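Shown next, in structure tokens, is the structure this report addresses.
The values are calculated or read from the model by the stated rules, or taken from the named source; none is laboratory data. Everything numeric here is computed off the predicted structure, so don't read it as measured data. Please note: Cβ atoms are built from the backbone with ideal geometry, for glycine as well, and neighbour counts cover all protein chains shown. The accessibility values were calculated without ligands, DNA or RNA, using every heavy atom of the protein model including side chains. Shrake-Rupley method; radii C 1.70, N 1.55, O 1.52, S 1.80 Å.
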Amino acid sequence: NLSAKEYAQIQRVQRAVGEMSELIETFLVLAQINDESTRYHDTCEIEPIVRKVIKQQRVWLNDKQVEVIVEEKGHLDVSAPPGILSVLIANLVRNAFRYTERGSITVLIASNQLTVIDTGVGIDRSTQTQIFKHYVKDNSGDTNKVGLGLAIVQRICERYGWVASFESIRGQGSRF
């Protein structure tokens, strides 16, 4: 007999608990980075994980005039636990949602890569050189700073032999 507001609050808490569990799982796997016995041998389909993460992270968009597009140009299966994939994708999507005020965010799924493209604020050149480090201050004069998210993305990619890369132009957006 919960009100709609109470039910929505409980759903938010449940989503947060799920995200925290995935993050803990990711940290545990990354802590065992040199242990070959922790290799994951099953494959996961990326597309459902992308859609779940977008739904979870939509709170960062608030009322912004941003179109979110999932474009499939191929089927992508990867050998990694779904929780780790969720953490990786959530970090990329969350950044796009946070730093895009209007325009679009496209998550492109191809047979050999996942790309997140936004029309957001972009990243200044001096910050770009340190983008995958922990807590880098954005030198653009904004109060924004780059947190752990991209460092976690980089570490996950290293763990599974993937490549994390990006292109960004200040004021025009980013492509990860």
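Mind checking whether some residue in region 60-77 is among the aliphatic types (A, V, I, L, M), touching a residue at least 40 places away in the same chain (Cβ under 8 Å) and part of a helix (DSSP H, G or I)? No, region 60-77 contains no residue that is among the aliphatic types (A, V, I, L, M), touching a residue at least 40 places away in the same chain (Cβ under 8 Å) and part of a helix (DSSP H, G or I).
Return the residues of region 12-46 that are modelled with pLDDT of 80 or more, loosely packed, with under 11 Cβ neighbours inside 10 Å and within 23 Å of R94 (Cβ to Cβ); say none if nothing qualifies. Once the filter is applied, which keeps residues that are modelled with pLDDT of 80 or more, loosely packed, with under 11 Cβ neighbours inside 10 Å and within 23 Å of R94 (Cβ to Cβ), region 12-46 yields V13, Q14, V17.
Among the residues of region 47-76, those that are surrounded by fewer than 16 Cβ atoms within 10 Å (Cβ to Cβ) and either at pLDDT below 65 or more than 22 Å from G18 (Cβ to Cβ) (or both) comprise D63, K64, Q65, E67, I69, E71, E72, K73, G74, H75. Within region 149-176, being more than 20 Å from L108 (Cα to Cα) and basic (K, R) holds for R155, R159, R170.
In region 117-136, the qualifying residues are those that are at pLDDT below 90 and more than 22 Å from V87 (Cα to Cα), and the one that is least open to solvent (accessible area, probe 1.4 Å) is T127. Taking the criterion of being out of contact with any strand residue (DSSP E or B) (no Cβ under 8 Å at 6 or more places or on another chain) and crowded, with 16+ Cβ neighbours inside 10 Å, the only residue of region 96-114 that qualifies is R98. In the set (1) touching a Leu at 6+ places or on another chain (Cβ under 8 Å); (2) modelled with pLDDT under 95; (3) surrounded by 13 or more Cβ atoms within 10 Å (Cβ to Cβ), E158 fails one condition alone, (1).
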